[in-house]
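Inspection log for the structure reproduced underneath, given as structure tokens.
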Amino acid sequence: MASSKEYLDFILEQLSELDEITYRCMMGEFILYYRGKIVGGIYDDRLLVKPVKAAIRYMPTAARETPYEGAKEMLLVDEVDDREFLTGLFNAMYEELPAPKPTRKGTDGI
């Protein structure tokens, strides 16, 4: 089941106090970026984040779920109605998120 644009819009509104929240659509789901780093995504209308240590400390009882079959487990964010909680979570996670991979330029064989 794909995620709805309405749920994406709701999550983006909840995160609107943060600068540089962006997303990318991928196969009916949405990858979320915070200041250029992948923080998680929206899968089947669920907000899932990477299980970095800061996120585990912030949400010690969070369920671990897979975004899709064969994927690594992520943490389910249940408190999506709490803007302050979400803002704090993303800020706490930022430093531990991996830096974006450099984009590859076209290869022309020269």
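Charge dipole of the chain (Cα centre as origin; +1 on each Lys and Arg Cβ, -1 on each Asp and Glu Cβ, all else neutral): 700 debye, rounded to the nearest 20. Amide H to amide H, with H built 1.01 Å from N, Gly40 comes under 5 Å of Leu32, Lys50, counting only residues 5 or more places away or on other chains.
Rounded to the nearest 500, the 222 nm mean residue ellipticity of the chain from helices alone is -7500 deg cm²/dmol, with -39,500 (n - 2.57) taken per DSSP H run of at least 4 residues. Straight-line cross-link reach from Lys72 at under 16 Å between alpha-carbon atoms covers these lysines, not counting any fewer than eight positions away in the same chain: Lys50, Lys53. Binning all Cα-Cα separations of the chain at 5 Å, short to long from zero, yields these whole-percent fractions: 2, 12, 22, 25, 19, 10, 4, 3, 2, 1, 0. Comparing Glu29, Glu79, Glu69 in a Gaussian network model of the chain (Cα springs below 10 Å), the most mobile by mean-square fluctuation is Glu69. Please give the helix 83-94 orientation as an angle from the longest Cα principal axis of the chain, in degrees from 0 to 90, rounded to the nearest 10. The angle comes out at about 40 degrees. Amide H to amide H distances under 5 Å link Leu47 with Val77, where only residues 5 or more positions off or on other chains count and H is placed in the peptide plane. Between Lys37, Lys50, Lys72, the GNM of the chain built on Cα springs shorter than 10 angstrom shows Lys72 fluctuating the most.
Taking Cα atoms only, the orientation of helix 5-14 departs from the longest principal axis of the chain by about 70 degrees. Across segment 5-94, C-alpha contacts under 8 Å between residues 6 or more apart give a mean separation that, scaled by the residue count, equals a relative contact order of 25 percent.
For segment 1-43 and segment 45-110, what is the separation of their Cα centres, given in Å? Cα centroid of segment 1-43 versus Cα centroid of segment 45-110: 11 Å apart.
Only the coordinates and a few stated rules stand behind these numbers; no lab work does. Given the structure is predicted, the values throughout are model-derived calculations rather than measurements. Neighbour counts run over all protein chains shown; Cβ positions are idealised from the backbone, glycine included.
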